[in-house]
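**Student:** Attaching a single structure in structure tokens format; questions to follow.
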Amino acid sequence: MPEPLHMTAAAPPPPLKQRAVRAFAWSALQSWTVKAFTLGVFLLLARQLGPADLGLAQGVLVLLAFVAVLATQGFPPALVQQPDLQPEDVELPFALSLATALAGSAVLLLAAEPIARALGAPGAAPLLRAAAPIPPLAAASGVLVALHRRRLEFGAVARATLLAHLAGGLAALGLAWRGFGAGCLVGQALATAATLALLLWRRPVWQPRGRFARARFGRLSAYAGPAFAGQLLDFFAGRTIELVILSRHGLAVLGTYAVGAKLYLTLLELLAAALVEPALAALSRLAGERERLQRAYARLVFLAACTTAPLFVGVAALAPELCTLLFGPRWAGAETVARWLALLGAVQAVQYVNSATLGAAGRSATLLGINAAKLALGLAALALTDAADAGGITLAFVLGQLAVAPLSFGLALRSTGLRLAALLRQLAPGLLAAAAAFALVALLRPLLEPGLAAATRLLLLGATYAGAVALLLAQTCGTRLRTEWADLAAAARPKEHLA
């Protein structure tokens, strides 16, 4: 298949497998570096800002995230998935995304006061006006990011993203030092978006020329439409809990939830979301070869269950010590939020493989159905709960999200042809090892000296958890894990290729 959007002759590209492994490596490097840095910045800010300030900033950021979803309109994954994309095919998606983003910015500027009142946070109005440039900046970057990912060129995206988040973090710390309160996080988002747009457009992989391919736009829209609806549903499914907390309990409780959720969100993006785009780009090449798609799906599920899922469960097991050590004693209650969300993340880490596989097969309507079910069950769970604190509301939310897992796996099995028994064999080693280690930590914690410092408790319990997981994985699937990693490492090494 020709490499789209390359306008000059070049040496033949490396095989798909090698390119996919390098894409995973770059994606992981970007996530590890960026998220480690942004988490460090957040930890510093959490020790300076109070729950109300963090809750206020979180409310503004949720609204910005909604505008960003509206602006993309599902086009980035459609650009990645389209098999024969031409430069002119990008023109209309880019124009529509940018126009929608500019309209969103105008609403933020002109209706800041009414929006702030609707959020129950009058202090949000100046923050909304300050954040107005972010949507068009994000839309301008989103198309270029999608085109880089389509070609499995994750290095350029990783470098630009790292520098953008570095600029955003430094801006946040500078604003905090000057006493800007909740404005620190909004300033961080603005500096990050501006820097990323500047870096990507300095040497763009594509440029608009006003040549609209209207006849081919229908093909992109056929994928982008359901993808967009799915993104909207996914947004509301994931963010409804924040709106419920804000409406029932106010900014301070929302701030506590935001702190507890930070570990979950960081790990989700660090170890799971890094899989989605490279997996979608690589699996899209196998969409017409069901046998190869089935093998790739089984392999990815096995690796996710043995690597990312145990890390989420580890955060859940160590949540009391982690929250005390990282955020300080003022954030009591955040550990319960972190525990429930981390356990949800263990399942979601594997479900990401389902989403990438269904997306690669062009089944955006199926993904839409999954997201609709997720939203409906999440809303039902939140409506039925009478919990009065962030932890109880989080538990209800998690149960609603987990109820969708059987549907997600069932549809992925149907799409790939993999049998349920084979899927369970891929899942069992990693998930059982994590569950056993979690139980061991829960049994050991009460036996430790009550006066031990949080750092010491974290070290002892963390070593126990990691040792138990490593031992159980070595006993149940050590040979296969070593083979898989050796195979991936070999694929990542540069090789000579003949034309």
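Every read-out reported here was derived from the displayed coordinates using simple, explicitly stated rules and does not represent laboratory data. Bear in mind that the values here come from a model prediction, so they are computed numbers and not experimental data. All Cβ positions, glycine included, derive from the backbone under ideal geometry; neighbour counts span all protein chains shown.
**Student:** At what distance in angstrom do the alpha carbon centres of region 312-342 and region 111-181 lie from each other?
**Tutor:** That distance is 26 Å.
**Student:** Moving on. Using a Förster distance of 30 angstrom, determine the FRET efficiency expected from the C-beta separation of Ala376 and Arg445, and round it to 0.05. Walk me through the intermediate numbers first.
**Tutor:** Working: r = 37 Å, r/R0 = 1.23.
Plugging the Cβ-Cβ distance into 1/(1 + (r/R0)^6) gives 0.25.
**Student:** Then there's this: Along its three principal axes, how long is region 292-434 when you only count alpha carbons? Whole Å, largest extent first please.
**Tutor:** So the extents along the principal axes, rounded to whole Å, are 52, 32, 22.
**Student:** Can I ask one more? What is the local net charge at Leu110, summed over the other residues whose Cβ is closer than 15 Å to its Cβ (Lys, Arg +1; Asp, Glu -1)?
**Tutor:** Here the charged neighbours net out to +1.
**Student:** Still on this structure, I have one more. Report the gain in length on full extension from Ala474 to Ala421: 0.36 nm times residue separation, minus Cα-Cα distance, nm rounded to one decimal.
**Tutor:** 16.9 nm
**Student:** Relative contact order of region 243-492: what whole-number percent is it, with Cα pairs under 8 angstrom and at least 6 residues apart?
**Tutor:** 26 percent
**Student:** Here is a further query. I want to check the label-to-label distance for Leu432 and Arg214. Put each point 7 Å from Cα in the C-beta direction and report it in nm to one decimal.
**Tutor:** Going by the 7 Å Cα→Cβ label model, 6.1 nm.
**Student:** If we count other beta carbons within 10 Å of each Cβ, what is the order of His148, His249, His165, fewest first?
**Tutor:** In increasing order of surrounding Cβ atoms, one gets His249, His165, His148.
**Student:** A further question on this structure: Distance in nm between label sites at Ala403 and Gln48, each 7 Å beyond Cα in the beta-carbon direction?
**Tutor:** Label-label distance for Ala403 and Gln48, simple model: 4.3 nm.
**Student:** Let me ask you something else. Hey, fewest Cβ within 10 Å first, where do Asp386, Asp84 land in order? Mind showing how you got there, number by number?
**Tutor:** Working: Asp386 7, Asp84 10.
Placing the least packed residue first, the sequence is Asp386, Asp84.
**Student:** For region 46-157, count all C-alpha to C-alpha pairs, find those more than 22 Å apart, and express that count as a whole percent of the total.
**Tutor:** 43 percent
**Student:** Cβ neighbours within 10 Å, averaged per peptide: list 340-352, 401-413 in order, most packed at the top.
**Tutor:** 340-352, 401-413
**Student:** Could you compute the net charge surrounding Arg209? Neighbours are other residues with a C-beta less than 13 Å from the C-beta of Arg209; K and R count +1, D and E count -1.
**Tutor:** After counting each charged neighbour, the total is -2.
**Student:** Relative contact order for region 14-212 using alpha-carbon pairs under 8 Å, separation at least 6, rounded to a whole percent?
**Tutor:** 31 percent
**Student:** Quick one: what does P(r) look like for the chain with 20 Å bins over all Cα pairs, in whole %?
**Tutor:** Answer for the chain: a P(r) of 22, 58, 19, 0 percent.
**Student:** In nm, what is the difference between 0.36 nm times the number of residues separating Arg482 and Ala111 and their Cα-Cα distance?
**Tutor:** Extending this stretch completely gives an extra 127.9 nm.
**Student:** Sticking with this one: What per residue convex hull volume, in Å³, comes out for region 14-212 when only alpha-carbon positions are used?
**Tutor:** Cα convex hull per residue, to the nearest whole number: 116 Å³.
**Student:** Ok, one more. Just want the answer: with Cβ charges of +1 for Lys and Arg and -1 for Asp and Glu, which residue in Leu251, Leu109, Gln48 is farthest toward the dipole's positive end in the chain?
**Tutor:** The Cα lying farthest towards the positive end belongs to Leu109.
**Student:** Once you have the Cα-Cα distance between Arg299 and Glu269, take 0.36 nm times their residue separation minus that, and quote the gain in nm to one decimal.
**Tutor:** So the chain would gain 8.7 nm between Arg299 and Glu269.
**Student:** P(r) of region 243-492 in 10 Å steps, Cα pairs, percent per bin?
**Tutor:** That works out to 7, 28, 33, 23, 8, 1, 0, in percent per bin.
**Student:** Work out which trypsin sites (Lys or Arg not before Pro) in the chain are exposed loop sites (DSSP not H, G, I, E or B, at most 15 other Cβ within 10 Å) and give the longest gap free of them.
**Tutor:** Maximal segment without exposed cleavage sites: 212-418.
**Student:** Got the relative contact order for the chain handy, in percent, Cα pairs under 8 Å and 6 or more residues apart? Don't skip to the end; give the middle numbers.
**Tutor:** Values: 721 pairs, mean separation 100.5, N = 499.
Here the relative contact order equals 20 percent.
**Student:** Just grab the label-to-label distance for Ala118 and Ala454, each label 7 Å out from Cα along the Cβ direction, in nm (one decimal).
**Tutor:** Result for the modelled spin labels: 3.8 nm.
**Student:** Further, regarding this structure: Applying 1/(1 + (r/R0)^6) with R0 = 51 Å to the Cβ-Cβ distance of Gln207 and Ala332, what FRET efficiency is obtained, to the nearest 0.05?
**Tutor:** 0.45
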